[in-house]
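Below: the structure, in structure tokens.
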Amino acid sequence: MGTKIFVNLPIESLDRAVGFFTKLGYTFNPQFTDANATCMVITEDIYAMLLVKPFFKSFIRKEVADTKTSTAVIIALSAESRAAVDALMDKALAAGAKETKEKTDMGFMYQRSFEDLDGNQWESFWMDPATVQPQQ
């Protein structure tokens, strides 16, 4: 198995989080879902583990960040087009998300940001492939 990323996020309610992200078009792996957590499939290599706060706390020694007053992480996902960025934002807002800042349009890059129902910040962005320099 190649490298995959699993972003672990604290949530208040599993049912509420699953309902929200289902409205955005994401699916969940039942093999890694129980009363404490679920595995949200973003791509075949990117997953978000949504963990109810007491379960999330069992993995850490620090306090769980209060996303009502601070931001612990920004999850940024690329999109295939500007329209795809707007489509995800429209779904998120319809599902109860809050837009966190005005859209950013730099011509070669377009970005929108929202907070999910638990205050975690997500960004969707499109970048013109012609502006991305290959690594040497």
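The values are calculated or read from the model by the stated rules, or taken from the named source; none is laboratory data. Everything numeric here is computed off the predicted structure, so don't read it as measured data. Because the Cβ atoms are built from the backbone with ideal geometry, glycine has one as well, and the counts that use them run over all protein chains shown.
When region 67-80 is limited to residues that are assigned to a loop (DSSP other than H, G, I, E, B) and of a type outside the set (Asp, Glu), the one that is farthest from GLY119 (Cα to Cα) turns out to be ALA79. Can you pull out every residue in region 101-136 that is part of a strand (DSSP E or B) and of a type in the set (D, E, K, R)? Result: LYS101, GLU102, LYS103, ASP105, ARG112, GLU115, GLU123. Within region 88-133, being surrounded by 13 or more Cβ atoms within 10 Å (Cβ to Cβ) and among the aliphatic types (A, V, I, L, M) holds for LEU88, MET89, ALA92, LEU93, ALA95, ALA97, MET109, LEU117, MET127.
Quick grid of which residues meet (1) β-branched (Val, Ile, Thr); (2) in the same structural domain as GLN121 (by TED's automatic domain parsing); (3) surrounded by fewer than 17 Cβ atoms within 10 Å (Cβ to Cβ); (4) in contact with a Gly (Cβ under 8 Å, 6 or more places away or on another chain):
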{"residue": "VAL7", "(1), (2), (3), (4)": "yes, no, yes, no"}
{"residue": "GLU12", "(1), (2), (3), (4)": "no, no, yes, no"}
{"residue": "PHE21", "(1), (2), (3), (4)": "no, no, no, no"}
{"residue": "LEU24", "(1), (2), (3), (4)": "no, no, no, no"}
{"residue": "ASN29", "(1), (2), (3), (4)": "no, no, yes, no"}
{"residue": "ASP34", "(1), (2), (3), (4)": "no, no, yes, no"}
{"residue": "TYR47", "(1), (2), (3), (4)": "no, no, no, no"}
{"residue": "LEU50", "(1), (2), (3), (4)": "no, no, no, no"}
{"residue": "LEU77", "(1), (2), (3), (4)": "no, yes, yes, no"}
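Restricting attention to region 1-11 and to residues that are in contact (Cβ under 8 Å) with a residue 24 or more places away in the chain and outside any strand (DSSP E or B), the residue that is nearest to LEU93 (Cα to Cα) turns out to be LYS4. A single member of VAL85, VAL64 is in contact with a strand residue (DSSP E or B) (Cβ under 7 Å, 6 or more places away or on another chain), aliphatic (A, V, I, L, M) and in a loop (DSSP other than H, G, I, E, B), and it is VAL64. When region 45-56 is filtered for residues that are of a type outside the set (Ser, Thr, Tyr) and touching a residue at least 24 places away in the same chain (Cβ under 8 Å), the ones remaining, listed by number, are ASP45, ILE46, ALA48, MET49, LEU50, LEU51, VAL52, LYS53, PHE56.
For region 14-21, the count of residues that are of a type in the set (A, V, I, L, M), closer than 27 Å to ARG112 by Cα and touching a residue at least 60 places away in the same chain (Cβ under 8 Å) is at least one.
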